[in-house]
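Asker: Got a structure here, written out as C-alpha cells. Questions coming.
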Amino acid sequence: MATTILSPARVAVDARADGSAGDVRLVSRRRPGRWVAAAVVAVLGAMLLNTLLTNDRFEWPTVAHYFTQESVLKGLWLTIWLTAVTFAAGFVLGIGLAAMRLWGGPLLQAVSFGFVWIVRSVPPLVLLLFWFQLASLYPQLSLGIPFGPAFVTFDTTHLIGALVAAIIALTIDVAAFAAEIVRGGLVSVDPGQSEAARSLGLSPRRIFRRIVLPQAMPAIIPASGNLLIGLLKSTSLVSVIAVTDLLYSVQLVYNQNFKVMPLLLVATIWYVVITSVLAVGQYFVECRFNRGRRDARPFREVLADAARLRPRLPRPAAPAGERG
C-alpha cells in the first residue's frame, strides 16, 4: 500500500474543503536516534565536568594566579599584535595575487599560481624555520644591477631576527590562502550580471563595487574569519624560534616552577577567549553582509520542514457490509 506525505499547507486546504479541520492533527516525525545521541552527549558532558571539578591535578588556584600575570599578558599582547599585523599584510598581498590570477596576463597569472602552489605546499613551521635560518643561505642581501655592481648591501643576520622572520613567514602563508579565498568569492558571482551591467553603460569600477563585490562578500567573509582564527592559533609556532608570544611566555614560567599543566591551561583559556571574541565578530560581520538574504531560505530547507510534519488523517469509516 503506497503512503502519501502531504505538505502542511495542502492538508490545511483539504481540511477546510472537507470541513473536518478538527479531525486533522500534525505530529512531528519521531527521531529516536536524536534522543540517543543527546543522551550520550549529556553523559559525556557530565563526565567531563566531573573530572574538571574533582581532579586536583588541574590546580585551578595556580591557573587563576598566573592568568593575569604580567609576563603572560605581555605574551598575549604580542600574540594579538602579531595576528593583526600578519593578517592585514597577508590579506592585502592575497588580494593582489587574486587580481593577478583573474585579470593579469599569462605571466602574472603564472606567477600568482606558482606562489600560491608553493606556499600552500610548505608547512607553516618549515616556512618559519626557513626565514629564521635565511642567514645561513644568504649571509648578505644586496640591491643592484643583475650580474653587475651592488648599490646597497644588508647583513642578513641582523636584518632578519626572530620576530621579523615570524612576520614574513606568517604573512606569506596568509597571502596564499587569502588569494584563493578572494578569487573563489569573486568567481562565484554570475558573470552574466556584469555583462548586463555593462550593457546598461556602467563603468567597470562601479560594476565591481556595486554588483560583484556585494555578492562576493558573503562567500569571502566566513572563509576569511576561519583564516583569521587559524592564524591566531598558528602564532603559537613562533615559540619555536623564541618569540615571546603567549605560548612561549607560559613555557618560560613552567620551566621555572615545573607546573606544566596549569600554565598550559592558562594559555588554552586565553586562546579560547580570543577565538570566541573573533567568532562573535565574524557572526555580526556575516549578518551585516547577509542582511539582504536574511529572509531567503534554501528550497531544500522548505522541503525538509514540510516533510518533517506528517498529517495524521482520520481513518475512513468501514463500509456497512464489512462491519462486525
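Values in this text are rule-based calculations from the coordinates and carry no lab data. This is a predicted model, so every value here is computed, not measured. Note that each Cβ is placed from the backbone with ideal geometry, even for glycine, and that neighbours are counted across all protein chains shown.
Asker: So, with +1 on the Cβ of K and R and -1 on the Cβ of D and E, and no other charges, what is the size of the charge dipole of segment 126-227 about its Cα centre, to the nearest 20 debye? Could the numbers behind the result be given before it?
Answerer: Numbers: 6 positive and 5 negative charges, 107 e Å.
Using Cβ point charges on Lys, Arg, Asp and Glu, segment 126-227 gives about 520 debye.
Asker: Using alpha carbons only, what's the Rg to Rh ratio of segment 56-290 with Rh from Kirkwood?
Answerer: Values: Rg = 22.0 Å, Rh = 20.5 Å.
Result: Rg/Rh = 1.07.
Asker: Given the Cα-Cα distance of Ser136 and Leu159 and 0.36 nm per residue of separation, how much length would full extension add, in nm? Walk me through the numbers before you get to the answer.
Answerer: Values: separation 23, 0.36 × 23 = 8.28 nm, distance 1.29 nm.
Fully extending the segment from Ser136 to Leu159 adds 7.0 nm.
Asker: Of Gln193, Phe258, Ile118, whose Cα points farthest to the positive end of the dipole of segment 56-290 (charges on the beta-carbon: +1 Lys, Arg; -1 Asp, Glu; origin at the Cα centre)?
Answerer: Gln193
Asker: I've got another one for you. Viscosity 1.306 mPa s, temperature 10 °C: give me the Stokes-Einstein translational D for segment 58-191 in µm²/s, with Rh taken as the Kirkwood radius over C-alpha pairs.
Answerer: On the way: Rh = 17.7 Å.
Calculated translational D: 90 µm²/s.
Asker: Okay, moving on. So how strong a dipole does segment 56-290 carry about its Cα centre when Lys and Arg Cβ are +1 and Asp and Glu Cβ are -1, to the nearest 20 debye? Could you put the intermediate results ahead of the total?
Answerer: Numbers: 13 positive and 10 negative charges, 135 e Å.
Dipole magnitude for segment 56-290 comes out near 660 debye.
Asker: Here is a follow-up. Output ³J(HN,Hα) for segment 178-186: one whole-Hz value per residue in order, computed from phi by the Karplus curve 6.51 cos²θ - 1.76 cosθ + 1.60 with θ = phi - 60°, and x for Gly and Pro.
Answerer: 5, 4, 6, 5, 5, 4, x, x, 6
Asker: Here's another thing I want to ask about it. May I ask you to compute the full-extension gain from Leu44 to Trp60, defined as 0.36 nm times their residue separation minus their alpha-carbon distance, rounded to one decimal in nm?
Answerer: Details: separation 16, 0.36 × 16 = 5.76 nm, distance 2.15 nm.
My answer for the length gained is 3.6 nm.
Asker: Something else now. Per-residue HN-Hα couplings for segment 61-70, Karplus 6.51 cos²θ - 1.76 cosθ + 1.60 at θ = phi - 60°, whole Hz, x for Gly and Pro?
Answerer: Listing the rounded values in order: x, 5, 4, 5, 5, 8, 5, 10, 5, 4 Hz.
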